[in-house]
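Written out below as structure tokens is the structure these notes cover.
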Amino acid sequence: MNKAVIVSYARTPIGKFRGGLSHLTAPQLGAAAITGALSRLENGAPKIAEAYMGNVLSAGIGQAPCRQAVLGAGLPESTICNTINKVCASGMKSIMLAAQTIECDAHRSKDGAPIAMLAGGMESMSNTPHYLPSSRSGTALGHTKLIDGIIHDGLWDPYDDVHMGTCAEKCATEYNISREDQDKYATESYRRAREAMELGVFDNDIAPIEGPKKRGKSDDPPKMISIDEEPNSVNLEKLPSLRAAFDKNGTVTAGNASSINDGAAAMLIMDEDQAIAMGLQPLARIRGYADAEGPPVQFTTAPSNAVPIAVERAGMTMQDVEYHEINEAFSVVALANMMILNLDMAKVNVFGGAVSFGHPIGMSGARIVGTLYQVLKRSDATIGCASICNGGGGASAIVLERLK
């Protein structure tokens, strides 16, 4: 079986909701990330045989979002394109599918020419429309209402008919995680994110984006956006005074949960032998991966089920994993999974997470894999695991072995 390796990775900055990236659609952000990943290949890019891009909030952006992103990045029309929706795990599932395709040699060419798979995720939550469900059949009499596409298709549990934040509240109660615990965790996430930005940890990952054109100044070049907007936008002193968002007596707030954001990430995945033959130095080897599912209301702790399976498939034990990335959909998600898996917080989300950087839901699964590589590289470590929960009770996890 072929060994799947990551040979290149790039992402856009993460924009605030209705912020600096809101003038771009998800496929446009995806195209920017893809272009960035391709540009980082020093010896030229192999043929991209197939692409998988995660995207959750696809309403209103046109058919085949992955196809739009791929062609927008200038790749050939012969490139096979697949849009993946596994809610928050979409970007990570895209990587898993790309790795499987490489491992089974599905695109072997007769002449043995090297090929690569493209994987990642993209989301513009700022441009997600509101829906008018009654417009198709008509409203005969009385009021009608708009449905928020972000909440309806991204943040709502249709099985228990509750906001996913309500599930986070249930998790906090079950694991006895207090408001103070969550605020303390969120504060540390922001501290780590700000420190990472000051150290330039993600400078080489980020593909700068042209900001919107200035009104009335069409001749002025647009401002280039090259830093994440979320981490420095919050006054942490106000965290304790924020109201609970989902239960008036609850513990989950807008400050200790992830925010609504825009962004995209992309990576190229190849067979290790082909990459080396091309003169490319792989960043990391994908050693194992897994999905897990449970009750929808318990999606918050699903990573604790997926991680051990991925680690076992990698031929390792939990003790072999030096660092973890656990997507911070809510602070309580990271806290509960650390508790269940008995993880040291010093080894989890070292550079901050979705609470501080933001959570463009189709992007995040790919973003945390790229972040995990940076954690391993800067810590001179070898083995790491990235995991992410998703609506419906699921989670995905990937084990990486750093090579470069």
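Worth pointing out:
- Count of residues meeting criterion [surrounded by 14 or more Cβ atoms within 10 Å (Cβ to Cβ), out of contact with any strand residue (DSSP E or B) (no Cβ under 6 Å at 6 or more places or on another chain) and of a type in the set (Val, Ile, Thr)] in segment 85-144: 1
- Qualifying positions in segment 171-186 - assigned to a helix (DSSP H, G or I) and not basic (Lys, Arg): Cys171, Ala172, Thr173, Glu174, Glu180, Asp181, Gln182, Asp183, Tyr185, Ala186
- Val297 vs. criteria within 18 Å of the chain's Cα centre (by Cα) and of a type in the set (Val, Ile, Thr): no
- Every test in (1) assigned to a helix (DSSP H, G or I); (2) of a type outside the set (Val, Ile, Thr); (3) farther than 28 Å from Arg18 by Cα; (4) within 14 Å of the chain's Cα centre (by Cα) is passed by Ser396 save one, and that test is (1).
- Residues of segment 110-121 that turn out to be in a loop (DSSP other than H, G, I, E, B), farther than 10 Å from Met270 by Cα and touching a residue at least 40 places away in the same chain (Cβ under 8 Å), as a count: 1
- Pairing residues of segment 187-214 that are outside any loop (DSSP other than H, G, I, E, B) and at pLDDT 95 or above with residues that are open to solvent by 10 Å² or more (accessible area, probe 1.4 Å) and polar (S, T, N, Q), at Cβ distances under 6 Å and at least 6 apart in sequence or on separate chains, gives Ile206/Ser226.
- Only a single item in (1) surrounded by 14 or more Cβ atoms within 10 Å (Cβ to Cβ); (2) in contact (Cβ under 8 Å) with a residue 24 or more places away in the chain is not met by Asp273, and it is number (1).
- Filter result (open to solvent by 40 Å² or more (accessible area, probe 1.4 Å) and under 18 Å from the mean Cα position of the chain (by Cα)) within segment 68-84: Asn82, Thr83
- Scanning segment 346-367 for residues that are more than 9 Å from Ala265 (Cβ to Cβ), touching a residue at least 24 places away in the same chain (Cβ under 8 Å) and assigned to a helix (DSSP H, G or I) returns Lys347, Ala354, Val355, Ser356, Phe357.
- Selected residue (criterion: surrounded by the most Cβ atoms within 10 Å (Cβ to Cβ)) from residues of segment 371-383 that are outside any loop (DSSP other than H, G, I, E, B) and in contact with a Leu (Cβ under 9 Å, 6 or more places away or on another chain): Leu372
- For segment 321-349, the set of residues classified as β-branched (Val, Ile, Thr) and crowded, with 24+ Cβ neighbours inside 10 Å consists of Ile326, Val332, Val333, listed by residue number.
The values are calculated or read from the model by the stated rules, or taken from the named source; none is laboratory data. These numbers come from a predicted model, not from an experiment. Note that each Cβ is placed from the backbone with ideal geometry, even for glycine, and that neighbours are counted across all protein chains shown. Heavy atoms of the whole protein, side chains included, go into the accessibility calculation; ligands, DNA and RNA do not. Shrake-Rupley method; radii C 1.70, N 1.55, O 1.52, S 1.80 Å.
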